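Notes follow the structure.
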Amino acid sequence: MSITARHLTITTTAVAAFLLTACNPHQPAPLEHGTVKKKRHDAATSTPIYENRYRETNCRTVTNALTLTGISRPSTTGGSGGRTSTGGSSGGVSKVKPGSPNTLDKNNSSGSSGASGDRSRRVCDRQYLGRVQTGVHRTPEAWKVLIVKGDRSRWKPVTETKWRKIKIGDRV
């Protein structure tokens, strides 16, 4: 059996098994009633959302194939050897990370080198400026009870007043 036929057979079998289980009319309904075994209250939370900010520095146009792939460019990700805007060593003051090429120009000069398809790209380094809070993710309060019936169980969300009235062992 070829690899393609094997993949097709496995995929077809998986899809058929999924459809048989998903379309089965004898699926039990979600558990709504039973005996309360546990109660849980999740407090409301607020989590800040941050975004890193960068600035492009040391922009240059490169035409060498090795430079385009990033092999010949020196690494500037460390804190002690990073470049500054004047080209000197920063001594760990600013961290500059090499950026990916962001523009591609086809050099169509019809003269000097005769090499067709010379490519040049504009390459810039990225300087880390810091993190900025851009928003807040809020999760509301939740009151839940664990109900059990036979071998089935489920956490069921309830209102706060109902959660306060329910005792463990009650039938819901």
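What to note about this one:
- First in the stretch 20-48 and in a strand (DSSP E or B), second anywhere and at pLDDT 80 or above and of a type in the set (S, T, N, Q), Cβ under 6 Å, 6 or more apart: Thr45/Thr139; Pro48/Gln133
- The residues in the stretch 136-152 that are of a type in the set (Ser, Thr, Tyr) and open to solvent by 80 Å² or more (accessible area, probe 1.4 Å) can be counted, and the count is 0.
The values are calculated or read from the model by the stated rules, or taken from the named source; none is laboratory data. Please read these numbers as outputs of a predicted model, since none were measured by experiment. Note that we place each Cβ from the backbone using ideal geometry, even for glycine, and neighbour counts take in every protein chain shown. Please note that ligands, DNA and RNA were not included when accessible areas were found on the heavy atoms of the full protein model with its side chains. Shrake-Rupley method; radii C 1.70, N 1.55, O 1.52, S 1.80 Å.
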